Amino acid sequence: MTLLEITDLQTQFETSEGRVHAVDGVNLSLEANESLGIIGESGSGKTTIAKSIVRLLPDNGEIVDGEVRYDGDDITEYSDRQLRKQIRWNEIAVIPQNAMNGFDPVYTVGDQIVEVITAHTDTPNDEAMERAKSLFQTLGIDEDRVHDYPHQFSGGMAQRAMIALALALDPSLLIADEPTTALDVMIQDRILHRIQELQDELDTAMIFITHDMSVVSETCDKIAVVYGGRIVEFADTETIIKNPRHPYTLGLRNAFPSIMTDDQDLVSIPGTPPPLLEPDEGCRFAPRCPFAEERCWSETPQSEPYGDGNTIECHRADEHERIRPEASKSETWREQEEVIEADD
Amino acid sequence: MSFQSYVIRRIGQVIVTYWAFLTILFVLFRVVPGDPVSMHVQDLGAEAREERIAELGLDQPLYVQYVEYLRQLARADLGQSMIYNESVWNIIVVKFWNTIILMAASLILAYAIGILGGALLAWYRGTAFEKGGIVLTLLARSSPEFWTGIVLLGVFVFWLGLFPVGGMRSIGSELATGVGRYLSWDFVYHAVLPALTGAIYFLGTPALLMRNSMLDVLNADFIEIKKAEGLHPWNVLYKHAVRNSILPLVTIAAIAVGMAIGGSVVIETVFNWPGMGRAMVDAVNNNDYQLAMAAFFLMGSVVILMNFVADLLYVYLDPRVTYE
Amino acid sequence: MSNRQHEPASTTNSLADQVRRGWSTFTALFGNDRLGQIGLLLLLGFIFIGAFAPFLAPYDPGEMNRDDQGDILRLDGPSTDHLFGTTQLGRDVFSQVIVGTRVSLLVGVSAATMSVFIGTNVGLISGYKGGYVDDVLMRITDIAYALPFLPFVIVLVVILGADIMNIIIAIALIQWRSTARVVRSQVLSHKERPYVESAYAAGAGDLRVMYRHILPNVLPLVFLYAALAIAWAIIAEASIAFLGFGDPELHSWGQMIYDAYNVDAIRFAYWWVIPPGMSIVLLAMSVFFVGRTLEQITNPELRHRE
Ligand SMILES: Nc1ncnc2c1ncn2[C@@H]1O[C@H](COP(=O)(O)OP(=O)(O)OP(=O)(O)O)[C@@H](O)[C@H]1O
Ligand code: SF4
Ligand SMILES: [Mg+2]
């Protein structure tokens, strides 16, 4: 059953320099219990996609077009009140990047869990506190610590407490926006594992945002690759890891050692992310793409299906058998780097 | 450091501050040439002067006077008024409460309006409401208390005739004692304008500070999470944003108490309020140094006490404070 | 997040560079801030009036004007001869207001300079040295906070004599306290920054680190407090004069209202009361407007979209 279906989502920010097209026609779908990874470079629009779903955009941001269907209902049409009562935290909960700042510093963590439970249900305070304690146990935190203030927690512990808060109302969808980047590697791994286990146990769907391909490859069923506010490739994890078709995905893959197929040196994609102010026609990746042709510069590639429910946006998608081996060579990208430098 | 040892340390500091304050008071009124005491005795004839000097103990060496001065204060003995020939304590105690009540009303009003208004200014950032609010706030703060008072008098008394011109109770109204003095409509009727005058002057600082502090807090991640939690917007605003923004205002509140107490000299003069401030101005004008000194002493004591309370309150309100 | 700071000011730049940078900050700040512009304009207007007061005032402010019969023109309403009418003693209100501008500006600027000078040094030394020096200086600051402002100034003025200089000193003796506290807390946070360490590494002594490296970074805050101090000093002087403890030689705005109040003229002689009252408000407000703009240097979070 499809839990979340996003069609042609467009979110823009009004700035003094013009309108930033941060999300520019995104399509995504997610089944119940499924986990989806969203991956892309910094500034590609990952966070904006997440915030558009729960409509938590800053004052200067607005959803200008598209639908976000949750359980079949377009929630972009919901009133603020409806969204608050029916969707936020009941259905969709969020785990932020830096948990320490996600808690209000002047209340205990337990009180904050109680607050959200009592705001949405008729649960009496003491029962809600029991629930907070049991959530703490689930996450491996001593239950007495519900009475502690956020600043008394270590980073990893705060992140677990944040997850406890997110699970307070048994949401059907968890959105975790780089939930572990603020933590050190050891703790990151442990928390990621725990999140994965919980997701299985609790039958929750999940959107996992990161710029670390190795993280999503372990945690997610499907992966969406975002570039310049668009989903350039969307496929099951195995396909994205083993047989991706988009040159950008191929390039990203080279930057992470654990999933590399060939034993070559790490190479990152040369060049910088595209400007998002009033984008022109043409493929946004063209300036950095080693496989760009004439038409890549003038025609915007459209989303094409392939395989079992996968999509791709690239004029040369059909040539993937030939492109893939090329793209896994580091020289291909080094040469492109020289081309870019020569242009400057 | 534990909370207890923090409190003990603060008490130690307060005692030092208080002692220094008392010493300054002594120096101002007794030691400096041209001090109020010398002015008081110079008006008397030669013989009377000798007598008065001996009576006040002014012929003693300074350190003896100083020790005697501290001993008297320790016994809560504020001396005799030089003009009224009555114990200063008797004269001032009622005036003291008159002032405290008036200023408390002003401050509570100022902080209620300031916190609420400042929070709204931040919440509605970038709108015409915010702009207008800021201009009004700065206008209120730019107007000295005596001027605000005169304007209010002009409008509400001389023009509209809604309120009495001054004083604390109507002539012929029943003379109550103790707390009863403040529990009548007649008192409220007299207190509205002076309290409002103070409130208008004091509200600028909390309003602007609240706005700035709110703007900081509203950018914090946890506010976004609270919105994502689906809490009611008013809950996010008051339980979280306001509650966090209020912290810096606590320290300022103590300073505001100081300003209010000092400002009583002006407000009470404009509205003929029978309080400590006006008593002090009159006493200085009459060279009644015992009375002036007592008023000054009480004002300073309240301010020091409030600073101390504000410190403790801050520690109580902000769980992150480490007692340093 | 409230700690987001401006870049540490470099101390190696030439004076011309600094002036250029200062000017561009100035235009950037005031360029899109309507209130700041209004404040600046008003302030310049007052400075102009203050500077040329003797030429602008049509009468000697102390002169008793007489009508054609030779009687003193007491409490005469506004007319073409006397724009703002006359006082009880037949003095020209308009001229007094103009001359009073000088008093307010003089008090504002001198008291603010003195108090900010004291406050900055106390805060700098206290925050930088720490330990018992900090303790002692902060207790002294506590004491300044314990003294009720206006009553203290009144007593001091009575003792020292109601001379404008004494009033200024009395105001400054209390006002330095707020600058001292904020500068100290800023210094505490700057002390830990890398640029201070590199200054040590380069062999700078305490004095040099304090005044050449840290001070430039807290200077925007000092300017902000100077602006606020000007407004508060103006208001304080007016209040003292209103209570009758002002310099009797001067026609200050507060003194004018005191005179009117004393002869019970505030009920009807609006021409005598409103001009000085409004002048105080406008002058103080213009300084607050400018201060608000300056505040954005110290806290860029506050920059308003307009
Ligand atoms: N409030 C805003 N005003 C203007 N532009 C914004 C705003 N928020 C985000 N943007 C712009 O929108 C684009 C997408 O930002 P977003 O935060 O969604 O990226 P991201 O993929 O989450 O990046 P990161 O990995 O750094 O978190 C960026 O170019 C960013 O500069
Ligand atoms: S469309 Fe062209 S430029 Fe864009 S990714 Fe495909 S090959 Fe590269
Ligand atoms: Mg992001």
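Brief remarks on what is shown
- Segment B:216-226: number of residues that are surrounded by 21 or more Cβ atoms within 10 Å (Cβ to Cβ) and at the interface with chain A (Cβ under 8 Å from one of its Cβ atoms): 3
- Qualifying residue in segment A:57-68 (condition: within 12 Å of chain B (Cβ to nearest Cβ), open to solvent by less than 50 Å² (accessible area, probe 1.4 Å), at pLDDT below 90 and more than 16 Å from ligand 2 (Cβ to nearest atom)): no
- Matching residues, segment B:227-256, being open to solvent by less than 20 Å² (accessible area, probe 1.4 Å) and more than 7 Å from every other protein chain (Cβ to nearest Cβ): B:Val236, B:Leu237, B:Ala241, B:Val242, B:Ser245, B:Leu247, B:Leu249, B:Val250, B:Ala254, B:Ala256
- Residue tally, condition within 16 Å of ligand 1 (Cβ to nearest atom) and either within 22 Å of the chain's Cα centre (by Cα) or among the small types (Gly, Ala, Ser) (or both), over segment A:278-314: 2
- Filtered by the rule that a residue be surrounded by fewer than 17 Cβ atoms within 10 Å (Cβ to Cβ) and either more than 12 Å from ligand 1 (Cβ to nearest atom) or not in a strand (DSSP E or B) (or both), segment A:6-17 gives A:Thr7, A:Asp8, A:Ser16, A:Glu17.
- Condition check for B:Val266: among the aliphatic types (A, V, I, L, M) and surrounded by 24 or more Cβ atoms within 10 Å (Cβ to Cβ): yes
- Residue pairs meeting the criteria (Cβ under 8 Å; at least 6 apart or on separate chains; first more than 13 Å from A:Thr48 (Cβ to Cβ), in segment A:4-20; second open to solvent by less than 40 Å² (accessible area, probe 1.4 Å) and outside any strand (DSSP E or B)): A:Leu4/A:Ile53
- Selection of first residues in segment B:113-137 that are buried (at least 16 other Cβ atoms within 10 Å of the Cβ) and of second residues that are basic (Lys, Arg), restricted to Cβ pairs under 6 Å at least 6 apart or on distinct chains, gives the following pairs, ordered by first then second residue: B:Gly118/B:Arg211; B:Leu121/B:Arg211; B:Ala122/B:Arg211.
- Residue within segment A:18-32 that is in a loop (DSSP other than H, G, I, E, B), of a type in the set (D, E, K, R), within 16 Å of ligand 2 (Cβ to nearest atom) and under 18 Å from A:Pro275 (Cα atoms) present: no
- Pairing each residue of segment C:19-36 that is over 26 Å from B:Val135 (Cα atoms) with any residue that is outside any helix (DSSP H, G or I), provided the two are 6+ apart or on different chains, yields no C-beta distance under 7 Å.
- Given (1) over 15 Å from A:Leu4 (Cβ atoms); (2) out of contact with any strand residue (DSSP E or B) (no Cβ under 9 Å at 6 or more places or on another chain), number of the condition A:Asp73 does not satisfy: (1)
- Selection within segment A:282-292: residues that are more than 6 Å from ligand 2 (Cβ to nearest atom) and out of contact with any strand residue (DSSP E or B) (no Cβ under 7 Å at 6 or more places or on another chain). The member of this set that is farthest from A:Ser330 (Cα to Cα) is A:Gly282.
- Near pairs, Cβ below 7 angstrom, 6+ apart or cross-chain, from segment A:60-88 (touching a residue at least 40 places away in the same chain (Cβ under 8 Å)) to any residue that is open to solvent by 70 Å² or more (accessible area, probe 1.4 Å) and away from ligand 3 (no atom under 16 Å from the Cβ): A:Asn60/A:Glu14; A:Arg69/A:Glu5
- Residue check for B:Ile223: under 30 Å from A:Leu167 (Cβ atoms) and either in contact with a His (Cβ under 7 Å, 6 or more places away or on another chain) or in contact (Cβ under 8 Å) with a residue 12 or more places away in the chain (or both): yes
- Only residues that are modelled with pLDDT of 80 or more and surrounded by 13 or more Cβ atoms within 10 Å (Cβ to Cβ) were counted in segment C:1-25, giving 1.
- Residue in segment A:173-211 that is farthest from the other protein chains (Cβ to nearest Cβ), counting only those that are away from ligand 1 (no atom under 16 Å from the Cβ) and touching a strand residue (DSSP E or B) at 6+ places or on another chain (Cβ under 6 Å): A:Gln199
- Taking the criterion of being touching a Pro at 6+ places or on another chain (Cβ under 8 Å) and over 20 Å from B:Ser245 (Cα atoms), no residue of segment B:118-138 qualifies.
- Candidate set: segment A:37-55, residues that are within 12 Å of another protein chain (Cβ to nearest Cβ) and open to solvent by 20 Å² or more (accessible area, probe 1.4 Å); chosen: the one nearest to ligand 1 (Cβ to nearest atom): A:Thr47
- Among (1) part of a strand (DSSP E or B); (2) open to solvent by 10 Å² or more (accessible area, probe 1.4 Å); (3) within 11 Å of chain B (Cβ to nearest Cβ), the one test that A:Ala93 misses: (2)
- Exactly one residue among C:Gly45, C:Gly36, C:Gly70, C:Gly108 is outside any helix (DSSP H, G or I) and either closer than 30 Å to C:Ile169 by Cβ or open to solvent by less than 70 Å² (accessible area, probe 1.4 Å) (or both), and that residue is C:Gly70.
- Taken over segment A:212-241, the criterion of being out of contact with any strand residue (DSSP E or B) (no Cβ under 6 Å at 6 or more places or on another chain), part of a loop (DSSP other than H, G, I, E, B) and open to solvent by 10 Å² or more (accessible area, probe 1.4 Å) is satisfied by A:Asp212 alone.
- In the set C:Ile297, C:Ile214, C:Ile230, C:Ile266, only one residue is more than 15 Å from C:Val103 (Cα to Cα), open to solvent by 40 Å² or more (accessible area, probe 1.4 Å) and aliphatic (A, V, I, L, M); that residue is C:Ile297.
- The set of residues in segment B:175-218 that are within 16 Å of B:Leu247 (Cα to Cα) and of a type in the set (S, T, N, Q) comprises B:Thr205, B:Asn212, B:Ser213.
- Where C:Ile125 falls short, out of the listed (1) more than 19 Å from C:Asn262 (Cα to Cα); (2) open to solvent by less than 30 Å² (accessible area, probe 1.4 Å); (3) in contact with a Leu (Cβ under 7 Å, 6 or more places away or on another chain): (2)
- The set of residues in segment B:270-324 being basic (Lys, Arg) and more than 8 Å from every other protein chain (Cβ to nearest Cβ) consists of B:Arg278 alone.
- Pair list, Cβ under 7 Å, 6 or more apart: segment A:24-51 residue within 27 Å of A:Asp280 (Cα to Cα), other residue of a type in the set (A, V, I, L, M) and part of a loop (DSSP other than H, G, I, E, B): A:Lys51/A:Leu57
Let's see how each residue does on (1) part of a loop (DSSP other than H, G, I, E, B); (2) more than 10 Å from every other protein chain (Cβ to nearest Cβ); (3) modelled with pLDDT of 90 or more:
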site: B:Gly154; (1), (2), (3): no, no, no
site: B:Val157; (1), (2), (3): no, no, no
site: B:Arg169; (1), (2), (3): yes, yes, no
site: B:Ala176; (1), (2), (3): yes, yes, no
site: B:Gly198; (1), (2), (3): no, yes, yes
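The values are calculated or read from the model by the stated rules, or taken from the named source; none is laboratory data. Note that the coordinates shown come from a computational prediction; the quantities given were computed from them, not determined experimentally. All Cβ positions, glycine included, derive from the backbone under ideal geometry; neighbour counts span all protein chains shown. Accessible surface is based on the protein model in full, side chains and every heavy atom, while ligands, DNA and RNA are left aside. Shrake-Rupley method; radii C 1.70, N 1.55, O 1.52, S 1.80 Å.
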